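Heads up, the thing below is written out as structure tokens.
The values are calculated or read from the model by the stated rules, or taken from the named source; none is laboratory data. What you see is a predicted model, and the numbers here were worked out from it, not measured in a lab. Don't worry about glycine lacking a Cβ; one is built from the backbone with ideal geometry, like all the others, and counts go over all protein chains shown.
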Amino acid sequence: MPEVSMDTIVSLCKRRGFVFQSSEIYGGLGSVWDYGPLGVELKKNIKNAWWCSVIYERDDVEGLDSAILMHPAVWKASGHIEGFTDPLVDCPACRKRFRADHLPGEGNCRRCPDCGAEIDLENNPPRMFNLMLKTFLGPVEDSSSTVYLRPETAQGIFVNFANVRNSRFRKLPFGIAQIGKSFRNEITPGNFIFRTREFEQMEAEYFVKPEDAGVVHQEWIKQRQEWYLNLGIQPERLRLREHASNELAHYAQACTDIEYLFPFGWSELEGIANRRDFDLRQHAEHSGKDLTYLDPATKERFLPYVIEPSGGVDRAALAFLVDAYREEEVKGSKRVVLGLHPELAPIKAAVLPLLRNRPEIVEMSRKIYTGLRKKIVVKYDDTGAIGKLYRRQDEIGTLYCVTVDVQSLEDNQVTVRERDTMRQDRINVERLNEYLTDKGLA
Ligand code: GAP
């Protein structure tokens with residue numbers, strides 16, 4: 001198991017401004033989280049890395065940003081109104097509500113995980129509970145105005161399949177990808193930002209000829225696994241897990257999860273599914289619109305199959321944080337380092353004046369800072385002694401610290417310290433940009 005505990009990560013996230021509890025001053029809202037100044041940068045970097053890899057670095061995937069609110073008929077067609085449910089049961093003693101299939105015990109004889117009372121599922125059968133969050137559209141609050149907050153971004157892609165294909169003159173195979181918020185009224189949310197009620201998904205729907213689906217599915221599994229590894233995830237903490245036939249979602253013919261070894265055990269980071277033509281078929285039937293594809297070569301008409309890599313931004317953020325966290329002993333004291341991949345680090349460099357009461361040092365530091373911030377995310381910090389400032393930057397994953405000292409005023413050189421090795425180079429200010437460019441930053 002990883003050495004870092006969830007408590008350590010949660011506490012770092014709050015202390016250093018990555019993640020805060022939503023509406024904290026009112027006691028918080030269950031399993032909803034706010035991303036602070038560093039969290040928002042980390043998420044932005046994760047989303048950028050995904051967008052580059054899935055859209056910009058390929059020539060067969062288009063981007064999309066569909067609305068969260070959709071016509072309620074979408075959710076009937078997709079099967080979410082009927083099937084996006086969990087079986088729930090109330091404890092007869094403490095009255096708390098649980099997922100029946102998560103209760104300890106055997107068969108119909110279960111126990112309340114909270115108060116330990118017996119729960120007899122035969123006389124107290126579970127009721128199906130839909131996980132979609134509802135609201136009303138327009139001035140009347142009744143069933144005719146009910147709309148849902150999307151539980152996955154995927155359906156926004158399926159209903160735009162023909163729009164994107166026609167407007168972008170696409171032939172198979174091609175994909176549509178988007179990143180956006182999804183909402184689920186999860187019954188057993190938890191583990192910090194791992195399972196929440198409001199979260200962000202990064203999803204692509206890749207449309208292929210049915211006979212190519214198997215091969216393309218394997219290609220996407222490999223590519224998505226490599227994406228995590230290329231961003232620094234330790235290989236021994238990442239694994240693939242193929243779904244057994246009895247755990248497949250109603251739309252899927254096959255699915256492989258990419259799992260990460262979180263402090264609470266192996267858990268899903270992303271699923272890559274073969275959704276067959278389930279969604280296009282359902283939407284064609286329910287909307288009455290023809291969503292078939294005419295193969296220009298064979299003149300055959302058919303509904304494409306879909307391969308869907310679907311990951312969560314919040315889960316990826318948690319995995320990158322857990323994976324990057326390490327504690328080291330340096331000269332008898334503890335150094336916490338967030339060894340995030342350079343692409344993901346929220347802050348690329350910090351400019352630190354060694355003496356904040358020397359106007360010439362402050363002036364030189366501010367000049368370096370304003371020059372750098374045009375190119376990279378850089379922070380200025382003069383709120384402590386240099387040792388403390390270095391530790392603070394290490395703990396949030398800042399890649400380089402640029403220190404201006406008395407000597408700098410004479411030789412126009414600054415000290416550049418690297419996060420992981422703590423190696424220090426003396427660099428002429430005129431060469432700073434070039435130095436950081438060589439390191440892949442500026
Ligand atoms: N379109 C397919 C789909 O939504 P899913 O396995 O339900 O499939 C895909 O979700 C990904 O979305 C998950 O692998 C996870 O990363 C993220 N996700 C799902 N539910 C989540 C939740 N309640 N909180 C945080 N992330 C979640």
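What to note about this one:
- Residue in the stretch 130-155 that is nearest to the ligand (Cβ to nearest atom), counting only those that are modelled with pLDDT of 95 or more and hydrophobic (A, V, I, L, M, F, W, C): ALA154
- Restricting attention to the stretch 22-48, the residues being more than 15 Å from the ligand (Cβ to nearest atom) and either crowded, with 20+ Cβ neighbours inside 10 Å or of a type outside the set (A, V, I, L, M, F, W, C) (or both) number 13.
Residue by residue, here is whether (1) outside the structural domain of PRO309 (by TED's automatic domain parsing); (2) touching a residue at least 12 places away in the same chain (Cβ under 8 Å); (3) within 30 Å of VAL306 (Cβ to Cβ) holds:
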| site | (1), (2), (3) |
| --- | --- |
| LEU12 | no, yes, no |
| VAL19 | no, yes, no |
| ASN45 | no, yes, yes |
| ALA49 | no, yes, yes |
| ASP59 | no, no, yes |
| VAL89 | yes, yes, no |
| CYS94 | yes, yes, no |
| PHE98 | yes, yes, no |
| LEU103 | yes, yes, no |
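- Filter pass, GLY107 being more than 16 Å from the ligand (Cβ to nearest atom), exposed (fewer than 14 other Cβ atoms within 10 Å of the Cβ) and either free of Cβ contacts under 8 Å to residues at least 12 places away in the same chain or of a type in the set (A, V, I, L, M) (or both): no
- Of the residues making up the stretch 180-204, those that are under 14 Å from the mean Cα position of the chain (by Cα) and either modelled with pLDDT under 95 or near the ligand (Cβ under 6 Å from one of its atoms) (or both) are ARG195, THR196, PHE199, GLN201, GLU203.
- Of the candidates GLY397, GLY387, GLY332, the single residue that is in contact with a Gly (Cβ under 8 Å, 6 or more places away or on another chain) and either of a type outside the set (S, T, N, Q) or in the same structural domain as LEU12 (by TED's automatic domain parsing) (or both) is GLY397.
- Meets criteria (crowded, with 21+ Cβ neighbours inside 10 Å and near the ligand (Cβ under 9 Å from one of its atoms)) for ILE176: no
- Residue in the stretch 225-233 that is assigned to a loop (DSSP other than H, G, I, E, B), within 16 Å of the ligand (Cβ to nearest atom) and in the same structural domain as TYR293 (by TED's automatic domain parsing) present: yes
- Per the conditions (1) under 30 Å from GLN225 (Cα atoms); (2) away from the ligand (no atom under 16 Å from the Cβ); (3) under 24 Å from the mean Cα position of the chain (by Cα), the sole criterion not satisfied by VAL378 is (1).
- Among (1) in the same structural domain as ASP277 (by TED's automatic domain parsing); (2) outside any helix (DSSP H, G or I); (3) among the β-branched types (Val, Ile, Thr) - the single one VAL164 does not satisfy: (2)
- Pair list, Cβ under 7 Å, 6 or more apart: the stretch 200-211 residue assigned by TED's automatic domain parsing to the domain that holds GLY311 and within 16 Å of CYS52 (Cα to Cα), other residue at pLDDT below 95 and away from the ligand (no atom under 15 Å from the Cβ): none
- Here is the figure for the stretch 77-93: residues that are of a type in the set (D, E, K, R) and under 27 Å from the mean Cα position of the chain (by Cα) total 1.
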